[in-house]
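The values are calculated or read from the model by the stated rules, or taken from the named source; none is laboratory data. Just so it is clear, the model here is predicted, and its values are computed rather than measured. Cβ placement follows ideal geometry from the backbone for every residue including glycine, while neighbour counts extend to all protein chains displayed.
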Amino acid sequence: MSAPLSIRFNDDLLDRLRKRARGIPGATPSGLAQLLIDEGLRMAEHPGIVFKDGPTGRRAALAMGPDVWEVVTYIKESEERGDLAIEAAAEALCLPSARVQAALDYYSTYRDEIVEEVAEALEASRSAEAAWQSRLQLLA
(Lines give C-alpha, C1' and ligand atoms only; values in the text may rest on other atoms or scores of the structure.)
Protein backbone atom coordinates (compact mmCIF):
# COMPACT_ATOMS: atom_id res chain seq x y z
CA MET A 1 0.00 0.00 0.00
CA SER A 2 1.21 3.50 -0.66
CA ALA A 3 0.07 6.90 0.50
CA PRO A 4 0.59 10.28 -1.16
CA LEU A 5 3.06 12.79 0.26
CA SER A 6 3.53 16.26 -1.13
CA ILE A 7 7.18 17.35 -1.24
CA ARG A 8 8.53 20.58 -2.62
CA PHE A 9 11.89 20.25 -4.34
CA ASN A 10 14.01 23.23 -5.26
CA ASP A 11 14.23 23.75 -9.01
CA ASP A 12 17.80 22.46 -9.38
CA LEU A 13 17.09 19.27 -7.44
CA LEU A 14 13.89 18.59 -9.37
CA ASP A 15 15.71 19.13 -12.69
CA ARG A 16 18.44 16.67 -11.63
CA LEU A 17 15.83 14.12 -10.56
CA ARG A 18 13.94 14.40 -13.84
CA LYS A 19 17.15 14.19 -15.88
CA ARG A 20 18.31 11.10 -13.98
CA ALA A 21 14.88 9.43 -14.38
CA ARG A 22 14.97 10.06 -18.16
CA GLY A 23 18.26 8.14 -18.30
CA ILE A 24 16.72 5.02 -16.75
CA PRO A 25 14.32 3.03 -18.93
CA GLY A 26 10.87 2.89 -17.37
CA ALA A 27 11.75 5.22 -14.47
CA THR A 28 9.64 8.14 -13.36
CA PRO A 29 10.80 11.04 -11.20
CA SER A 30 8.47 9.99 -8.38
CA GLY A 31 9.56 6.33 -8.58
CA LEU A 32 13.22 7.32 -8.60
CA ALA A 33 12.68 9.67 -5.65
CA GLN A 34 11.03 6.84 -3.72
CA LEU A 35 13.92 4.47 -4.52
CA LEU A 36 16.57 7.00 -3.50
CA ILE A 37 14.76 7.86 -0.27
CA ASP A 38 14.43 4.16 0.58
CA GLU A 39 18.13 3.60 -0.11
CA GLY A 40 19.07 6.68 1.90
CA LEU A 41 17.07 5.46 4.89
CA ARG A 42 18.63 2.00 4.61
CA MET A 43 22.12 3.54 4.53
CA ALA A 44 21.27 5.62 7.61
CA GLU A 45 20.00 2.51 9.40
CA HIS A 46 23.00 0.40 8.30
CA PRO A 47 26.19 2.49 8.34
CA GLY A 48 28.76 1.23 5.85
CA ILE A 49 26.14 0.03 3.36
CA VAL A 50 25.82 1.74 -0.03
CA PHE A 51 23.93 0.93 -3.23
CA LYS A 52 25.58 0.18 -6.56
CA ASP A 53 24.35 -0.37 -10.10
CA GLY A 54 25.34 -3.62 -11.76
CA PRO A 55 24.38 -6.25 -14.29
CA THR A 56 21.57 -7.54 -12.08
CA GLY A 57 20.35 -4.07 -11.08
CA ARG A 58 20.93 -2.00 -7.97
CA ARG A 59 22.15 -3.89 -4.96
CA ALA A 60 23.40 -3.33 -1.44
CA ALA A 61 27.15 -3.39 -0.95
CA LEU A 62 29.79 -2.46 1.55
CA ALA A 63 31.26 0.97 0.85
CA MET A 64 34.45 0.37 -1.14
CA GLY A 65 33.88 -3.37 -0.84
CA PRO A 66 31.96 -6.38 -2.08
CA ASP A 67 28.21 -6.69 -2.41
CA VAL A 68 26.32 -7.85 0.66
CA TRP A 69 25.26 -11.01 -1.19
CA GLU A 70 28.92 -11.88 -1.79
CA VAL A 71 29.74 -11.60 1.92
CA VAL A 72 26.69 -13.69 2.81
CA THR A 73 27.59 -16.31 0.22
CA TYR A 74 31.12 -16.58 1.61
CA ILE A 75 29.78 -17.01 5.16
CA LYS A 76 27.25 -19.66 4.07
CA GLU A 77 29.89 -21.61 2.15
CA SER A 78 32.45 -21.37 4.96
CA GLU A 79 33.14 -24.37 7.12
CA GLU A 80 33.51 -22.01 10.09
CA ARG A 81 30.61 -20.89 12.26
CA GLY A 82 29.93 -17.95 14.55
CA ASP A 83 32.72 -15.44 15.15
CA LEU A 84 35.19 -17.73 13.39
CA ALA A 85 33.14 -17.44 10.18
CA ILE A 86 33.18 -13.65 10.46
CA GLU A 87 36.95 -13.65 10.99
CA ALA A 88 37.48 -16.05 8.07
CA ALA A 89 35.36 -13.89 5.78
CA ALA A 90 37.15 -10.75 6.91
CA GLU A 91 40.53 -12.30 6.14
CA ALA A 92 39.47 -13.77 2.78
CA LEU A 93 37.75 -10.56 1.65
CA CYS A 94 40.46 -8.25 3.09
CA LEU A 95 37.96 -6.45 5.29
CA PRO A 96 37.80 -5.55 8.96
CA SER A 97 35.46 -7.90 10.80
CA ALA A 98 33.21 -4.93 11.65
CA ARG A 99 32.48 -4.47 7.95
CA VAL A 100 31.60 -8.14 7.56
CA GLN A 101 29.29 -7.74 10.54
CA ALA A 102 27.69 -4.69 8.87
CA ALA A 103 26.88 -6.83 5.82
CA LEU A 104 25.39 -9.54 8.04
CA ASP A 105 23.32 -6.96 9.93
CA TYR A 106 21.91 -5.69 6.63
CA TYR A 107 21.21 -9.28 5.57
CA SER A 108 19.33 -9.96 8.79
CA THR A 109 17.02 -7.02 8.05
CA TYR A 110 16.61 -7.60 4.31
CA ARG A 111 17.07 -11.37 4.09
CA ASP A 112 14.61 -12.04 1.23
CA GLU A 113 16.20 -9.33 -0.93
CA ILE A 114 19.70 -10.74 -0.43
CA VAL A 115 18.56 -14.34 -1.03
CA GLU A 116 17.08 -13.17 -4.34
CA GLU A 117 20.34 -11.41 -5.27
CA VAL A 118 22.29 -14.61 -4.54
CA ALA A 119 19.94 -16.54 -6.84
CA GLU A 120 20.24 -13.91 -9.59
CA ALA A 121 24.04 -13.92 -9.34
CA LEU A 122 24.11 -17.72 -9.53
CA GLU A 123 21.89 -17.67 -12.62
CA ALA A 124 24.05 -14.96 -14.25
CA SER A 125 27.14 -17.05 -13.51
CA ARG A 126 25.56 -20.17 -15.02
CA SER A 127 24.54 -18.24 -18.14
CA ALA A 128 28.03 -16.78 -18.54
CA GLU A 129 29.60 -20.22 -18.16
CA ALA A 130 27.21 -21.72 -20.72
CA ALA A 131 28.08 -18.94 -23.18
CA TRP A 132 31.78 -19.53 -22.57
CA GLN A 133 31.39 -23.29 -23.14
CA SER A 134 29.47 -22.58 -26.35
CA ARG A 135 32.25 -20.31 -27.61
CA LEU A 136 34.84 -22.96 -26.77
CA GLN A 137 32.94 -25.56 -28.78
CA LEU A 138 32.55 -23.19 -31.71
CA LEU A 139 36.25 -22.38 -31.78
CA ALA A 140 37.44 -25.99 -31.30
Name the one entry in 25, 55, 29 that is at pLDDT below 95, outside the structural domain of residue 123 (by TED's automatic domain parsing) and closer than 27 Å to residue 125 by Cβ. 25
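Residues to consider are 121, 85, 140; find the one that is among the hydrophobic types (A, V, I, L, M, F, W, C), modelled with pLDDT under 95 and either surrounded by fewer than 17 Cβ atoms within 10 Å (Cβ to Cβ) or under 23 Å from residue 40 (Cβ atoms) (or both).
140
Do you know which of the residues in segment 108-119 that are more than 12 Å from residue 73 (Cβ to Cβ) and of a type in the set (Asp, Glu) is nearest to the chain's Cα centre (by Cα)? Working first, answer last.
Narrowing segment 108-119 to residues more than 12 Å from residue 73 (Cβ to Cβ): 108-113, 116.
With the extra rule that they be of a type in the set (Asp, Glu), the set shrinks to 112-113, 116.
Details: 112: 12, 113: 9, 116: 11 Å.
Only one residue fits best here, namely 113.
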A careful count of residues in segment 71-98 that are in contact with a strand residue (DSSP E or B) (Cβ under 8 Å, 6 or more places away or on another chain) and either closer than 23 Å to residue 123 by Cα or small (Gly, Ala, Ser) (or both) gives 1
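Mind checking which helices (runs of 4 or more DSSP H) fall wholly inside segment 3-107 and carry at least 3 residues that are under 19 Å from the mean Cα position of the chain (by Cα) and not basic (Lys, Arg)?
Values: elements: 11-22, 29-45, 68-77, 83-93.
Correct list: 29-45, 68-77, 83-93.
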In the list 127, 134, 108, which residue meets the criterion of being within 18 Å of residue 54 (Cα to Cα) and among the polar types (S, T, N, Q)? 127
Conditions (1) without any contact (Cβ under 8 Å) to a residue 24 or more places away in the chain; (2) touching a helix residue (DSSP H, G or I) at 6+ places or on another chain (Cβ under 6 Å); (3) farther than 29 Å from residue 25 by Cβ: number failed by residue 81: (2)
Hey, residue 33 hits all of (1) surrounded by fewer than 17 Cβ atoms within 10 Å (Cβ to Cβ); (2) without any contact (Cβ under 8 Å) to a residue 40 or more places away in the chain but one; which does it fall short on? (1)
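Looking at segment 109-118, which of its residues are part of a helix (DSSP H, G or I) and surrounded by 10 or more Cβ atoms within 10 Å (Cβ to Cβ)? Break it down into steps so the answer makes sense when it comes.
First, pick out the residues of segment 109-118 that are part of a helix (DSSP H, G or I): 109, 111-118.
Scanning segment 109-118 gives 109, 111, 113, 114, 115, 116, 117, 118.
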